[in-house]
Amino acid sequence: MAAGFKTAEPLEYHRSFLKENCRPDGRELTEFRTTTLNIGSISTADGSALVKLGNTTIICGIKAELANPTVEAPGKGYIVPNVDLPPLCSSRFRPGPPGEEAQAASQFIADVIESSEVIKTEDLCIDRGKLCWVLYCDLMCLDYDGNILDACVIALLAALKNTRLPEVTINKETSAPEVNLEKRRELQIHKHLVSASFCIFDDSILIADPTAEEETLSTAHLTVVTDEDDRLCSVHKPGGTSLSGERLQECISRATTRQREIQKLIDKVAHSVKKAQ
(Lines give C-alpha, C1' and ligand atoms only; values in the text may rest on other atoms or scores of the structure.)
Protein backbone atom coordinates (compact mmCIF):
# COMPACT_ATOMS: atom_id res chain seq x y z
CA MET A 1 0.00 0.00 0.00
CA ALA A 2 2.76 2.46 1.00
CA ALA A 3 4.71 1.64 -2.18
CA GLY A 4 1.63 2.37 -4.29
CA PHE A 5 1.03 5.68 -2.47
CA LYS A 6 4.70 6.63 -2.97
CA THR A 7 4.47 5.95 -6.73
CA ALA A 8 1.08 7.64 -7.27
CA GLU A 9 1.58 10.67 -5.00
CA PRO A 10 5.33 11.07 -4.26
CA LEU A 11 4.97 14.64 -2.94
CA GLU A 12 2.11 13.77 -0.55
CA TYR A 13 4.05 10.65 0.52
CA HIS A 14 7.04 12.83 1.52
CA ARG A 15 4.80 15.46 3.16
CA SER A 16 3.28 12.77 5.42
CA PHE A 17 6.78 12.15 6.83
CA LEU A 18 7.86 15.79 6.94
CA LYS A 19 4.81 16.59 9.11
CA GLU A 20 6.34 14.27 11.72
CA ASN A 21 9.79 15.97 11.37
CA CYS A 22 11.37 12.91 9.78
CA ARG A 23 12.02 11.54 6.29
CA PRO A 24 11.13 8.31 4.44
CA ASP A 25 14.63 6.89 5.04
CA GLY A 26 14.33 7.48 8.81
CA ARG A 27 16.62 10.52 8.99
CA GLU A 28 15.86 13.75 10.83
CA LEU A 29 15.40 16.84 8.64
CA THR A 30 18.96 18.20 8.99
CA GLU A 31 20.70 14.83 9.25
CA PHE A 32 23.26 13.76 6.63
CA ARG A 33 23.53 10.22 5.30
CA THR A 34 26.36 7.94 6.45
CA THR A 35 29.58 9.01 4.73
CA THR A 36 32.37 6.53 3.97
CA LEU A 37 35.74 7.28 2.42
CA ASN A 38 38.54 5.31 0.82
CA ILE A 39 41.80 7.06 -0.12
CA GLY A 40 44.33 5.88 -2.74
CA SER A 41 41.82 3.64 -4.53
CA ILE A 42 43.41 4.09 -8.00
CA SER A 43 47.04 2.95 -8.04
CA THR A 44 47.71 4.46 -11.50
CA ALA A 45 46.64 7.98 -10.46
CA ASP A 46 48.81 10.54 -8.63
CA GLY A 47 46.03 10.90 -6.06
CA SER A 48 42.58 9.35 -5.66
CA ALA A 49 39.61 8.89 -3.35
CA LEU A 50 36.26 7.10 -3.31
CA VAL A 51 33.32 8.61 -1.40
CA LYS A 52 29.94 7.12 -0.55
CA LEU A 53 27.27 9.49 0.73
CA GLY A 54 24.36 7.16 1.37
CA ASN A 55 24.03 5.47 -2.03
CA THR A 56 25.62 8.33 -3.96
CA THR A 57 29.13 7.18 -4.95
CA ILE A 58 31.86 9.39 -6.45
CA ILE A 59 35.39 8.41 -7.37
CA CYS A 60 38.05 11.07 -7.97
CA GLY A 61 41.33 10.47 -9.76
CA ILE A 62 44.02 13.15 -10.09
CA LYS A 63 46.59 13.02 -12.86
CA ALA A 64 49.46 15.52 -12.85
CA GLU A 65 51.02 16.57 -16.17
CA LEU A 66 53.77 19.02 -17.09
CA ALA A 67 52.62 22.02 -19.11
CA ASN A 68 53.53 25.59 -20.04
CA PRO A 69 52.06 28.28 -17.76
CA THR A 70 49.60 30.71 -19.30
CA VAL A 71 50.82 34.13 -20.44
CA GLU A 72 48.46 35.84 -17.94
CA ALA A 73 49.81 33.82 -14.98
CA PRO A 74 53.44 32.82 -15.72
CA GLY A 75 54.14 31.91 -12.07
CA LYS A 76 51.16 29.61 -11.58
CA GLY A 77 50.08 26.09 -12.48
CA TYR A 78 46.42 25.21 -12.86
CA ILE A 79 43.74 22.74 -11.83
CA VAL A 80 41.20 21.35 -14.31
CA PRO A 81 38.20 19.63 -12.66
CA ASN A 82 35.71 17.56 -14.65
CA VAL A 83 32.55 15.88 -13.33
CA ASP A 84 31.24 12.92 -15.32
CA LEU A 85 27.69 11.59 -14.85
CA PRO A 86 27.60 8.50 -17.10
CA PRO A 87 24.47 6.41 -17.85
CA LEU A 88 26.10 3.78 -15.60
CA CYS A 89 25.18 5.78 -12.47
CA SER A 90 21.52 6.50 -13.23
CA SER A 91 18.91 5.99 -15.94
CA ARG A 92 18.32 9.78 -15.97
CA PHE A 93 21.62 10.29 -17.86
CA ARG A 94 22.21 9.51 -21.53
CA PRO A 95 25.38 8.59 -23.45
CA GLY A 96 27.11 11.39 -25.35
CA PRO A 97 28.57 14.79 -24.45
CA PRO A 98 28.25 16.05 -20.82
CA GLY A 99 24.71 17.05 -19.91
CA GLU A 100 23.59 20.23 -18.16
CA GLU A 101 23.91 18.82 -14.62
CA ALA A 102 27.45 17.50 -15.23
CA GLN A 103 28.56 20.85 -16.72
CA ALA A 104 27.01 22.78 -13.81
CA ALA A 105 28.76 20.48 -11.29
CA SER A 106 32.14 20.90 -13.08
CA GLN A 107 31.71 24.69 -13.03
CA PHE A 108 30.74 24.65 -9.34
CA ILE A 109 33.89 22.66 -8.45
CA ALA A 110 36.07 24.99 -10.58
CA ASP A 111 34.56 28.08 -8.88
CA VAL A 112 35.09 26.59 -5.40
CA ILE A 113 38.76 25.79 -6.18
CA GLU A 114 39.38 29.28 -7.54
CA SER A 115 37.57 31.28 -4.87
CA SER A 116 38.84 29.35 -1.85
CA GLU A 117 42.49 28.70 -2.76
CA VAL A 118 42.31 25.13 -1.45
CA ILE A 119 45.68 24.89 -3.21
CA LYS A 120 47.74 27.93 -4.10
CA THR A 121 48.41 27.58 -7.83
CA GLU A 122 51.83 29.20 -7.26
CA ASP A 123 52.82 25.90 -5.56
CA LEU A 124 52.34 24.15 -8.92
CA CYS A 125 54.89 26.35 -10.72
CA ILE A 126 58.24 24.66 -11.44
CA ASP A 127 60.04 27.23 -13.61
CA ARG A 128 58.37 30.65 -13.92
CA GLY A 129 57.05 31.26 -17.44
CA LYS A 130 58.37 27.92 -18.68
CA LEU A 131 57.07 24.93 -16.75
CA CYS A 132 54.28 24.10 -14.31
CA TRP A 133 52.07 21.27 -13.13
CA VAL A 134 48.49 20.94 -14.35
CA LEU A 135 46.26 18.76 -12.18
CA TYR A 136 43.46 17.01 -14.05
CA CYS A 137 40.82 16.14 -11.43
CA ASP A 138 38.35 13.64 -12.91
CA LEU A 139 35.29 13.01 -10.76
CA MET A 140 33.05 10.18 -11.90
CA CYS A 141 29.71 9.25 -10.39
CA LEU A 142 29.30 5.47 -10.02
CA ASP A 143 25.90 5.59 -8.32
CA TYR A 144 23.58 8.62 -8.36
CA ASP A 145 21.19 9.20 -5.47
CA GLY A 146 21.20 12.98 -5.09
CA ASN A 147 23.58 15.54 -3.60
CA ILE A 148 26.54 14.91 -5.91
CA LEU A 149 28.10 18.31 -5.11
CA ASP A 150 28.86 17.39 -1.49
CA ALA A 151 30.26 14.01 -2.52
CA CYS A 152 32.40 15.64 -5.24
CA VAL A 153 33.91 18.21 -2.84
CA ILE A 154 34.77 15.49 -0.26
CA ALA A 155 36.28 13.24 -2.97
CA LEU A 156 38.31 16.14 -4.43
CA LEU A 157 39.70 17.26 -1.05
CA ALA A 158 40.61 13.70 -0.04
CA ALA A 159 42.24 13.00 -3.43
CA LEU A 160 44.27 16.24 -3.25
CA LYS A 161 45.50 15.26 0.23
CA ASN A 162 46.52 11.89 -1.27
CA THR A 163 48.33 13.42 -4.28
CA ARG A 164 52.10 13.02 -4.49
CA LEU A 165 53.96 15.00 -7.19
CA PRO A 166 57.29 13.67 -8.50
CA GLU A 167 60.39 15.82 -8.17
CA VAL A 168 61.22 17.80 -11.33
CA THR A 169 64.55 19.42 -12.13
CA ILE A 170 65.57 21.41 -15.21
CA ASN A 171 68.69 20.15 -16.99
CA LYS A 172 70.92 23.23 -17.36
CA GLU A 173 72.58 21.96 -20.53
CA THR A 174 69.51 20.85 -22.48
CA SER A 175 66.86 22.95 -20.59
CA ALA A 176 64.73 19.81 -20.61
CA PRO A 177 62.73 18.76 -17.52
CA GLU A 178 63.87 15.63 -15.71
CA VAL A 179 61.27 13.78 -13.62
CA ASN A 180 62.30 11.67 -10.64
CA LEU A 181 59.39 9.30 -9.95
CA GLU A 182 61.13 7.87 -6.88
CA LYS A 183 61.08 11.20 -5.01
CA ARG A 184 57.62 12.59 -4.47
CA ARG A 185 56.21 15.45 -2.41
CA GLU A 186 52.79 16.06 -0.92
CA LEU A 187 50.59 18.91 -2.05
CA GLN A 188 50.13 21.67 0.49
CA ILE A 189 46.44 22.02 1.28
CA HIS A 190 45.75 25.59 2.40
CA LYS A 191 42.01 25.30 3.00
CA HIS A 192 39.98 22.24 4.00
CA LEU A 193 36.70 22.89 2.25
CA VAL A 194 33.50 20.99 2.81
CA SER A 195 30.14 21.69 1.20
CA ALA A 196 26.72 21.07 2.73
CA SER A 197 23.66 20.90 0.48
CA PHE A 198 20.06 21.55 1.43
CA CYS A 199 16.63 21.44 -0.23
CA ILE A 200 13.48 23.35 0.56
CA PHE A 201 10.07 21.66 0.51
CA ASP A 202 6.86 23.65 0.00
CA ASP A 203 8.87 26.90 0.27
CA SER A 204 9.28 26.39 4.02
CA ILE A 205 10.69 23.02 5.20
CA LEU A 206 14.48 22.76 5.11
CA ILE A 207 16.16 19.36 4.69
CA ALA A 208 19.88 18.48 4.52
CA ASP A 209 21.63 16.06 2.13
CA PRO A 210 18.67 15.38 -0.19
CA THR A 211 18.28 12.10 -2.05
CA ALA A 212 17.60 12.14 -5.83
CA GLU A 213 13.85 11.86 -5.20
CA GLU A 214 13.86 14.66 -2.62
CA GLU A 215 15.79 16.90 -5.05
CA THR A 216 13.16 16.30 -7.74
CA LEU A 217 10.27 17.19 -5.43
CA SER A 218 11.83 20.24 -3.75
CA THR A 219 11.23 23.89 -4.64
CA ALA A 220 14.82 25.12 -4.17
CA HIS A 221 18.40 23.89 -3.70
CA LEU A 222 21.21 25.49 -1.73
CA THR A 223 24.86 24.49 -1.27
CA VAL A 224 27.05 26.18 1.36
CA VAL A 225 30.85 25.76 1.34
CA THR A 226 32.85 26.50 4.52
CA ASP A 227 36.45 25.95 5.63
CA GLU A 228 38.13 24.91 8.91
CA ASP A 229 38.15 28.52 10.18
CA ASP A 230 34.32 28.61 9.90
CA ARG A 231 34.67 31.04 7.01
CA LEU A 232 31.97 31.06 4.35
CA CYS A 233 33.67 30.32 1.01
CA SER A 234 30.72 29.97 -1.34
CA VAL A 235 26.93 29.90 -1.50
CA HIS A 236 25.43 28.23 -4.56
CA LYS A 237 21.70 28.60 -5.15
CA PRO A 238 20.58 27.82 -8.70
CA GLY A 239 17.18 29.54 -8.81
CA GLY A 240 14.10 28.22 -7.01
CA THR A 241 12.12 29.91 -4.26
CA SER A 242 13.64 32.62 -2.06
CA LEU A 243 15.26 31.91 1.29
CA SER A 244 15.03 34.07 4.43
CA GLY A 245 18.16 35.34 6.17
CA GLU A 246 17.26 33.24 9.20
CA ARG A 247 17.07 30.06 7.11
CA LEU A 248 20.36 30.88 5.37
CA GLN A 249 22.05 31.35 8.76
CA GLU A 250 20.66 27.97 9.84
CA CYS A 251 22.23 26.36 6.73
CA ILE A 252 25.61 28.06 7.36
CA SER A 253 25.58 26.92 10.99
CA ARG A 254 24.86 23.30 9.97
CA ALA A 255 27.54 23.53 7.24
CA THR A 256 30.26 24.53 9.74
CA THR A 257 29.40 21.51 11.91
CA ARG A 258 29.48 19.29 8.83
CA GLN A 259 32.91 20.68 7.86
CA ARG A 260 34.40 19.53 11.17
CA GLU A 261 32.81 16.06 10.85
CA ILE A 262 34.20 15.54 7.32
CA GLN A 263 37.66 16.96 8.06
CA LYS A 264 37.92 14.56 11.01
CA LEU A 265 36.92 11.66 8.70
CA ILE A 266 39.45 12.63 5.98
CA ASP A 267 42.28 13.09 8.51
CA LYS A 268 41.48 9.74 10.15
CA VAL A 269 41.46 7.82 6.82
CA ALA A 270 44.57 9.65 5.53
CA HIS A 271 46.40 8.81 8.76
CA SER A 272 45.48 5.09 8.53
CA VAL A 273 46.66 5.01 4.87
CA LYS A 274 50.02 6.56 5.88
CA LYS A 275 50.44 4.01 8.69
CA ALA A 276 49.76 1.15 6.27
CA GLN A 277 52.43 2.35 3.79
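The values are calculated or read from the model by the stated rules, or taken from the named source; none is laboratory data. The model shown is predicted, which means the values in this text are computed figures rather than measured ones. A quick note on method: Cβ atoms are made from the backbone with ideal geometry, for glycine too, and the neighbour counts reach across all protein chains shown. Side chains included, ligands, DNA and RNA excluded: accessible areas come from the protein's heavy atoms. Shrake-Rupley method; radii C 1.70, N 1.55, O 1.52, S 1.80 Å.
Of note:
- Helix axis angle, 148-162 relative to the chain longest principal axis, alpha carbon, degrees: 30 degrees
- Top of Cys132, Cys152, Cys60 by mean-square fluctuation, Gaussian network on the chain, Cα under 10 Å: Cys132
- Placing one equal scatterer on every Cα of the stretch 28-85 and applying the Debye formula, the log10 ratio I(q)/I(0) at q = 0.13, 0.20, 0.23, 0.26 Å⁻¹ is -0.53, -0.86, -0.97, -1.08.
- Probing with 1.4 Å while keeping every protein chain in the model, the per residue accessible area of the chain equals 51 Å².
- Across all Cα pairs in the chain, the calculated P(r) in 5 Å bins from zero up to the longest distance comes to 1, 5, 11, 15, 17, 15, 12, 9, 6, 3, 2, 1, 1, 0, 0, 0 percent per bin.
- Between helix 245-276 and the chain: long-axis angle, C-alpha atoms, 0 to 90°, nearest 10: 50 degrees
- Accessible surface, 1.4 Å probe, highest first, among residues Cys141, Cys125: Cys125, Cys141
- Diffusion coefficient, µm² s⁻¹, Stokes-Einstein with Kirkwood Rh over alpha-carbon pairs of the stretch 197-277 at 37 °C and 0.692 mPa s: 234 µm²/s
- In terms of overall dimensions, the C-alpha atoms belonging to the stretch 157-218 reach 69, 18, 17 Å along their principal axes, ordered largest to smallest.
- For the stretch 111-161: Kirkwood Rh in Å [reciprocal of mean 1/r, alpha carbons]: 12.9 Å
- Nearest-ten-degree value, helix 100-116 long axis tilted from longest Cα axis of the chain: 60 degrees
- Links that overshoot a 19 Å alpha carbon limit, given the list Lys183/Lys268; Lys191/Lys237; Lys63/Lys161: Lys183/Lys268; Lys191/Lys237
- Within the accessible area of the stretch 87-172 (1.4 Å probe), percent carbon and sulfur: 50 percent
- Among the chymotrypsin sites (Phe, Trp or Tyr not before Pro) found in the stretch 128-233, not one is both in a DSSP coil and sparsely packed, with 12 or fewer other Cβ atoms within 10 Å of its Cβ.
- Three principal axis extents of the stretch 1-123 based on alpha-carbon atoms, in descending order, are 63, 32, 31 Å.
- Estimated 222 nm signal from helices in the chain, with DSSP H stretches of n ≥ 4 weighted -39500 (n - 2.57), rounded to 500: -10000 deg cm²/dmol
- Relative to the Cα centre, the charge distribution of the stretch 74-191, modelled as +1 at Lys and Arg Cβ and -1 at Asp and Glu Cβ, gives a dipole magnitude of about 340 debye.
- Within straight-line cross-link reach of Lys274, aspartates and glutamates at Cα separation under 18 Å, skipping those fewer than 8 residues along the same chain: Asp46, Glu182, Glu186
- Farthest toward the positive end of the dipole of the chain, out of Met140, Ala208, Leu222, is the Cα of Met140, where the dipole comes from beta carbon charges about the Cα centre.
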